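A quick write-up on the structure given underneath.
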Amino acid sequence: MYDISELKRCISDLYEKHRGNNQGDVASYIPELGKADPDLFGISLVTVDGQEFSVGDYQHEFTIQSIIKPIAFLLALEMHGRDKTLAHVGVEPSGDAFNSVELNPRTRLPYNPMVNAGDISVASLIKGASPEAGVSALLDRLGIAAGRDLRIDEHVRDSEATTGSRNRAIAYLLHNFGVIDDGIDHTLHQYFSQCSVLVNCRDLAMIAATIANIGENPATGREAFALTYVRDAMAAMFSCGMYDYSGEWAYRVGVPAKSGVAGGLMAVINRQLGIAVFSPRLDERGNSVRGIAVCTDLAEEFGLHAFEFMNPGSNFLRDAPPTEAAG
Ligand code: DON
């Protein structure tokens with residue numbers, strides 16, 4: 001296996017480089033999120049052979065928020081298969097804000113599972129027989145991926161529910177068009193709970209590494225997700241995971257990723273590693289400012305972009321392509 005000492009050095013350097021960046025603001029549209037310390041900053045990485053490295057506030061817990069969306073999509077695919085799941089949510093980037101109250105006018109479905117409308121539709125598919133059952137099934141699987149038991153922050157869930165008129169509007173829109181069933185409150189409970197799972201930066205890197213490792217947690221060897229659908233989640237993250245910055249992210253960074261409004265960002269380097277950044281100051285689209293900066297620099301330095309070919313020498317995580325001299 002490869003030596004990650006260079007990667008570790010780079011992570012430490014990037015932590016120092018970006019810790020003084022105070023651009024952006026903590027999300028405050030949900031009152032509980034507004035209480036976050038804006039200066040917190042952590043970076044973690046986990047390789048698919050189980051090596052890990054973290055710096056800064058990587059043990060600080062925060063709510064996962066939208067980073068749950070690819071996981072919820074995976075669970076829906078496992079429970080219902082592609083045909084049924086894709087009858088409830090598309091896989092087309094919207095180019096609009098994550099909380100837009102809209103459907104794709106062509107399909108009358110949510111654009112994709114990475115925006116609120118899509119995740120509310122997915123929440124309806126995985127909500128289970130009771131509010132407790134649906135949430136506990138999600139926590140079980142996410143805990144296997146993270147490698148430890150996870151729990152809900154009930155203050156954040158209550159805050160989401162009491163200020164969630166926009167999400168209720170989306171749920172009623174979905175119900176009106178027959179996308180979700182009559183259990184609207186049950187669906188919203190599942191959705192608000194999904195956003196409110198407490199994780200730390202290291203958990204997110206382990207979840208990302210589990211996805212990179214096609215569903216198997218690299219530290220415990222336990223299967224968190226069925227390998228058949230891991231590619232579906234990565235594809236949706238690649239094209240839609242960074243909200244209305246998704247196209248630019250794919251162009252500049254070029255890896256599947258998902259961000260959340262509490263300041264988390266997870267990126268998946270397929271078959272290689274998981275990266276997570278936690279920093280609560282967000283840009284105007286809802287993405288972590290330092291998270292984007294760290295991932296952009298890291299991808300550049302190590303040639304992590306999915307379509308990188310110009311600089312294979314620096315891309316030591318992948319097998320170098322054959323050179324003329326090697327024949
Ligand atoms: O629905 C909401 O308002 C949030 N809980 C969504 C979470 C999120 O991270 C969306 N993105 N930036």
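All of the numbers you see were taken from the coordinates with simple rules; none came from a lab. Not measured: the values here are computed from a predicted model. Here the Cβ is made from the backbone with ideal geometry for all residues, glycine too, and neighbour counts use every protein chain on show.
Remarks
- Among 119-128, 150-159, the order from most to least packed when residues are scored by Cβ within 10 Å on average: 119-128, 150-159
- Only one residue of 85, 273, 42 has its Cα farthest out toward the positive end of the dipole of the chain, where Lys and Arg carry +1 and Asp and Glu -1 on Cβ, and that residue is 85.
- For residue 109, the residues whose amide H sits under 5 Å from its own are 104, ignoring neighbours fewer than 5 places away on the same chain, with H placed 1.01 Å from N.
- Rounded to the nearest 20, the size of the Cβ-charge dipole of region 179-306 about its Cα centre is 360 debye, with Lys and Arg at +1 and Asp and Glu at -1.
- Ordering 59-66, 35-42 by mean Cβ neighbour count within 10 Å, with the highest value first, yields 59-66, 35-42.
- Residue exposure sequence - 170, 184, 30 - by fewest surrounding Cβ within 10 Å: 184, 30, 170
- Dipole magnitude of region 77-213 about its Cα centre (Cβ charges: Lys, Arg +1; Asp, Glu -1), debye to nearest 20: 260 debye
- Student exercise, region 1-91 dipole from Lys, Arg, Asp, Glu Cβ charges, in Debye to nearest 20: 320 debye
- Across the chain, Cα pairs under 8 Å and at least six residues apart give a relative contact order of 25 percent.
- Lysine pair count for the chain [Cα-Cα under 29 Å; pairs on different chains or 8 or more apart]: 13
- Diffusion constant of region 153-266 at 10 °C, which comes from Stokes-Einstein with the Kirkwood Cα-pair radius and 1.306 mPa s, µm²/s: 99 µm²/s
- For residue 57, the amide hydrogen comes within under 5 Å of the amide hydrogens of 41, 42, 43, counting only partners 5 or more places away or on other chains and with H modelled in the peptide plane.
- Cα gyration tensor shape for region 1-76, rounded if a/c is under 1.5, else prolate or oblate: oblate
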